[in-house]
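Here the structure is laid out as structure tokens; the discussion comes afterwards.
The values are calculated or read from the model by the stated rules, or taken from the named source; none is laboratory data. Every value quoted in this text rests on a predicted model; they were computed, and no experiment measured them. Ideal geometry is used to build each Cβ from the backbone, glycine not excepted, and the neighbour counts take in all protein chains shown.
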């Protein structure tokens, strides 16, 4: 169970300011409440210390809590998928009576103090975090309720995601059912194959049928592809396995790149190679041939994420820390 105390948002006290400036707590209180007679120099010292220490008065706290109907969504600033997801999150927020503040991230480049100060000034009640970050100090120091989407952050932060292991199993079953005999897998997973549940599910299902897939990965240092772009890796994969007749790609974008690479080399799809990707069905129309997918229920992910965060904001706790959303198969021209 995840529990947040709203009082933790008060990051400093009048005593902290008094210690900083070197005057009494009573004097600080009177200055902050615009009472009494003090020199301009002392007033400026108190105001600067309050700002530097992120002091929030009780009146501001009450006002902030009354008006705190804004949720911040932190996502990478590129990709059609994130545009779809944030649109669905905005609709879910509206249904729960919240506004959505969209913030872009560059993965691990989160400046903790400045960023959290910005969110507090915006009276943000909670955060939907859909990026990738290993800046653990950001989450340790944060006192605003967080729900992560797609990537786990810590055991103390609720996590909403697709059933990725089942995604791999479904892709394997689909390709087996289409008569595939030699299997490939390609991934752009940030964490590598050992943490890639789609790959693990894919392997488990194929091993039951007596097959082992050949994996390729773009960002894992355990396979030395440094300096080689995606199209070169895909081409290398095709040349090394010219008779492979089934491929599961970890993402929709990567699957479409594979389709193009195979077509450029004279392969026929799905006669020579059957390709299945993972993603949102709204994007499958952008490939030719139309891409077969293990389909993510993006709408349900958005609903569960906002529902869980609203529970944290309004009740201070949530029971479910790992929300797994089911997936399904969508068969099109590529398989």
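Quick grid of which residues meet (1) at pLDDT below 85; (2) over 22 Å from residue 300 (Cα atoms); (3) out of contact with any strand residue (DSSP E or B) (no Cβ under 8 Å at 6 or more places or on another chain):
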residue	(1), (2), (3)
124	no, yes, no
136	yes, yes, yes
143	yes, yes, yes
147	no, no, no
150	no, no, no
157	no, no, no
161	no, no, no
Does residue 195 satisfy the condition of being within 22 Å of the chain's Cα centre (by Cα) and in the same structural domain as residue 239 (by TED's automatic domain parsing)? yes
Filtered residue count, segment 74-97, keeping only those that are at pLDDT 90 or above and touching a helix residue (DSSP H, G or I) at 6+ places or on another chain (Cβ under 8 Å): 6
Identify, by number, the condition in (1) crowded, with 19+ Cβ neighbours inside 10 Å; (2) over 22 Å from residue 195 (Cα atoms) that residue 332 doesn't meet. (1)
The residue from 62, 46 that alone is at pLDDT 85 or above and in a helix (DSSP H, G or I) is 46
